[in-house]
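Below is one structure, written out as structure tokens; comments come after it.
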Amino acid sequence: MDPTRWSEQECGDAERGDARLNARLREIAVRVAESSGGSIAAVFRVPAERQAAYHFMSNARIDWEDVASVSHVACVRRCIGEEFVFVPEDGSSLNITDREHTKGTGPVGTRTAGARGFQVMNLIVVNRKGVPLGLCGQGWWSRPETAATKSNKARSTEEKETKHWGIEMATVRALFAEHASGTTPWFQLDRGGDAWPVLIEAMEQNQWVTIRSSSDRRLVDAADGGRRYLHETVAKAPILGGYSLDVKGGHGRTERVAKMIVRSARVTLHMLDDQTSQHHDVEVSCVWTVEIGTNPSGEKPLDWMLLTTRPVETFTDAKLTIYGYSLRWRIEEFHKAWKSGACNVEDMQLRSERAIRAWSTLLGADAMRLLRMTYLARAESSTPATEEFTMDEIHAVHLARSTTWDEKHVPNIGKLVGWIADIGGYTGKSSGGPPGILVLARGWERIAPIVPVVGRLRGIQPTRIGR
């Protein structure tokens with residue numbers, strides 16, 4: 001959690017040709033980690049520092065793709081030693097104020113609304129315990145000013161935003177091959193990624209990917225020439241097993257314990273390229289998990305039909321596929337942290353695409369830092385806090401709580417993160433569950449200014465701080 005240590009990991013030697021620029025980059029990253037403000041003005045309160053940060057973000061000598069790449073490599077290297085990791089991938093839009101159309105933005109949302117911004121495809125790494133390890137890939141683009149005149153079926157893959165799923169997967173796959181060759185990335189995509197180019201590439205590259213099915217795809221015809229379709233074929237497969245799932249209430253869902261069953265079948269998809277009329281056959285495993293008998297009247301049952309290139313032969317394999325896809329939600333949480341509450345990236349008031357991407361890169365890395373802390377406290381709560389926090393930070397938490405602490409008794413991560421959440425206004429599990437990223441961000445913002453003061457105090461009284 002130490003902002004200095006974190007900035008060194010994330011920024012590394014991005015500007016290898018200029019040590020001063022690299023040192024300045026790390027200093028700015030530290031300040032970002034100490035504040036949850038979305039704009040430079042909110043992070044840098046001193047006018048001279050603020051102006052220097054504006055200049056730095058617009059510095060043409062800085063290659064921000066290189067800066068992002070260093071952060072992505074650091075994330076991938078954290079995976080060394082793992083057999084595989086989950087890599088959720090999803091796109092999002094950033095709304096940017098650009099009334100004069102001078103920042104490289106394009107339309108976002110409906111064109112009639114007039115909003116401007118960028119499209120961003122993000123990929124993050126989550127380990128098997130469900131703990132996020134960082135941002136491992138990111139692709140940016142702007143939509144054209146006018147809508148496509150061709151129908152969706154008439155456009156090639158290169159003319160569709162579908163291509164970005166594959167482009168970013170290929171980039172991340174190459175990073176793993178170079179920096180963590182013993183670890184397999186297992187990509188997790190929602191229904192937006194259910195497209196034949198994505199599945200074809202995964203098959204050709206021997207790549208693990210799980211995609212939530214978006215339609216009742218046609219399969220290769222039966223031996224007697226009869227047409228076969230995905231849904232009816234998997235529905236006829238034997239039940240592998242069942243499990244119970246705790247469902248939280250909200251967003252049209254009633255809180256309950258859902259009873260789920262699982263079926264799986266090996267199928268060959270018969271997919272059509274509408275532009276060329278060419279068919280592509282892709283063999284995948286389909287895992288279908290559906291709620292049986294516990295959904296309230298008028299509420300649709302939980303239902304996931306997942307296509308995966310990873311072999312599924314047993315109930316254990318199927319459950320792992322379902323679990324991996326459930327972790328795709330981490331990227332939704334990343335987008336929420338990046339865009340609102342924790343990092344507020346859309347609050348920026350920068351004047352160029354270079355500066356916008358620069359600032360967004362740092363805030364994205366910080367959002368992942370906070371998300372990691374959130375889930376580390378849940379998955380590895382008994383780990384000593386000193387594994388992630390400095391002694392000064394632990395003392396600062398106690399000082400903010402007006403409590404004392406003997407360094408001989410180190411709290412665990414779960415307890416320390418709980419205290420940080422309390423400082424941020426957490427009201428307990430009755431509020432809806434364990435501490436979330438927004439309350440932790442508020443707590444940390446209140447603690448961060450205390451840390452350097454504690455460091456100086458510890459030089460006088462090294463073992464006990466507080467009252």
ask   = Just the Cα atoms of the chain, one point each, no solvent: what log10 I(q)/I(0) does Debye give at q = 0.10 Å⁻¹?
value = -0.84
request  = Find, among the GluC sites (Glu not before Pro) in segment 274-304, those assigned to loop by DSSP (not H, G, I, E, B) with at most 15 other beta-carbon atoms within 10 angstrom.
outcome  = E299
E65 versus T149: modelled label distance in nm, points set 7 Å from Cα along the beta carbon direction = 3.0 nm
key: Simple Cβ-charge dipole of segment 55-141, Lys/Arg +1 and Asp/Glu -1, about Cα centre, in debye nearest 20   = 200 debye
message = Could you tell me the relative contact order of the chain? Use alpha-carbon pairs under 8 Å, at least six residues apart, and round to a whole percent.
response = 15 percent
note = Once phi for every residue in segment 142-150 is put through the Karplus expression 6.51 cos²θ - 1.76 cosθ + 1.60 (θ = phi - 60°), the whole-Hz ³J(HN,Hα) values, with Gly and Pro written as x, are 10, 6, x, 5, 10, 5, 4, 8, 7
request  = Within segment 240-336, list the trypsin sites (Lys or Arg not before Pro) lying in a DSSP loop whose Cβ has at most 11 other Cβ atoms in a 10 Å radius.
outcome  = K248
remark   = Over 23 Å (Cα to Cα) among K160/K319; K236/K319; K163/K319; K129/K408; K160/K300 -> K160/K319; K163/K319; K129/K408; K160/K300
ask   = Given charges of +1 on the Cβ of Lys and Arg and -1 on the Cβ of Asp and Glu, with all other atoms neutral, how large is the dipole of the chain about its Cα centre, in debye to the nearest 20?
value = 1160 debye
key: Amide N of segment 191-225 lying under 17 Å from the label point, which is placed 7 angstrom from the Cα of I261 along Cα→Cβ   = none
query = Around R173, what is the net charge, scoring Lys/Arg as +1 and Asp/Glu as -1 over all other residues with Cβ under 15 Å from its Cβ?
reply = -4
inquiry  = If you filter segment 77-173 for GluC sites (Glu not before Pro), then keep DSSP loop positions with at most 13 other Cβ within 10 Å, what is left?
reply    = E83, E100, E145, E161
ask   = Can you list the residues, at least 5 places off or on another chain, whose amide H is less than 5 Å from the amide H of G134, using H built in the peptide plane?
value = V125
ask   = With helices defined as uninterrupted DSSP H runs, which ones in the chain have an alpha carbon span along their own long axis of at least 27 Å and mean Kyte-Doolittle hydropathy of at least -0.5?
value = 353-379
inquiry  = How large is the Kirkwood hydrodynamic radius of segment 127-227, counting all unique pairs of alpha carbons, in Å?
reply    = 16.2 Å
task = State the percent of C-alpha pairs, over all pairs in segment 380-458, separated by a distance greater than 17 angstrom.
result = 43 percent
task = Could you calculate the contour length gain from R5 to R227, that is, 0.36 nm times the residue separation minus the distance between their Cα atoms, to one decimal place in nm?
result = 74.0 nm
Length released on extending from R446 to T386, taking residue separation times 0.36 nm less the Cα-Cα span = 19.6 nm
query = What is the dipole size for segment 380-458, taken about its Cα centre, with +1 at each Lys and Arg Cβ and -1 at each Asp and Glu Cβ, in debye to the nearest 20?
reply = 260 debye
query = Per Stokes-Einstein, at 10 °C and 1.306 mPa s, what whole-number D in µm² s⁻¹ belongs to segment 29-186, with the Kirkwood radius over Cα pairs as the hydrodynamic radius?
reply = 87 µm²/s
ask   = If contacts are Cα pairs under 8 angstrom and at least 6 residues apart, what is the relative contact order of segment 380-458 in percent?
value = 37 percent
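No value in this document is a laboratory result; all are computed from the given coordinates. Remember, predicted model here, so these are calculated numbers, not experimental data. All Cβ positions, even for glycine, are placed from backbone atoms using ideal geometry, and neighbour counts span all protein chains on display.
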